[in-house]
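Take a look at the structure below.
All of the numbers you see were taken from the coordinates with simple rules; none came from a lab. For clarity, every value in this text was computed on a predicted model and none was experimentally measured. Here the Cβ is made from the backbone with ideal geometry for all residues, glycine too, and neighbour counts use every protein chain on show.
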Amino acid sequence: DTEKFPDWWLPQVALAESDELNTATEKQFVAWVRQHETFANYWYLARYYRDKGDNRAALAALDQAATSPYEQYPDWARWSGIGFAFDAAHFSYENSNYDLTIKLCRHCEPIPGSWEGCTLLEFVAAAELKLMQFEPAITNAQRVVDIAKQYPMQVEIDVGNLSKLLEAAKVHDTNFVYHPHETEDPRS
């Protein structure tokens, strides 16, 4: 109920999704997100658009997310903030919006050199490779491989897959497509 829980994303999303043909509920959801600007709320708006098949609007919402307040561990979220950031970076990378990928990662980057930072740095390196920024791509791919090896139990990353990214960066293979591990939707 949006009236009982005016600051919670779930009623807003549920209302918009339940009345998909009514543009007024979508506009209400967009207005609510603008009034409650956080990275996670813009992620929910982007996810709403993704579910509708409107990737352009989803990417625009993620661009707004990249300038909105980011919380590492939102109290109310099933995912940590890094989960939202990982999914946003993954989506923007898959949609060939490499500048946005880097922007999202830099905005949400946890402590550099930590295993938490590893999960976003992989997208930075992959996007830099696509943008032909070879030296930074090599440096960041090497860093993410080193971090993943240092923290094997915490990092849910396939080191072999990261090694392929590093090798592609070294040979300047802009056709290489990075495939990260999959995550489950926080709404499920």
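How would you rank 89-102, 167-180, highest first, on the average number of other Cβ atoms within 10 Å across their residues?
89-102, 167-180
Using R₀ = 35 Å, calculate the FRET efficiency as 1/(1 + (r/R₀)^6) where r is the Cβ-Cβ separation of ARG106 and LYS52; round to 0.05.
0.80
I'd like the Karplus ³J(HN,Hα) series for segment 100-108: coefficients 6.51, -1.76, 1.60, θ = phi - 60°, whole numbers in Hz, and an x wherever there's a Gly or Pro.
5, 4, 5, 4, 4, 5, 5, 5, 9
Separation between the GLU71 and LYS27 pseudo-spin-labels, each 7 Å from Cα along Cα→Cβ, expressed in nm?
3.0 nm
Short version: ³J(HN,Hα) in whole Hz for each residue of segment 52-68, in order, from phi by Karplus 6.51 cos²θ - 1.76 cosθ + 1.60 (θ = phi - 60°), x for Gly and Pro, what are they?
With the stated coefficients, segment 52-68 comes to 7, x, 9, 5, 4, 5, 4, 5, 5, 5, 5, 5, 5, 4, 5, 10, 9 Hz.
Obtain the nm distance between the two label points defined at GLU94 and THR139 by a simple spin-label model: each point lies 7 Å from its Cα along the Cα-to-C-beta direction.
Calculated label separation equals 3.0 nm.
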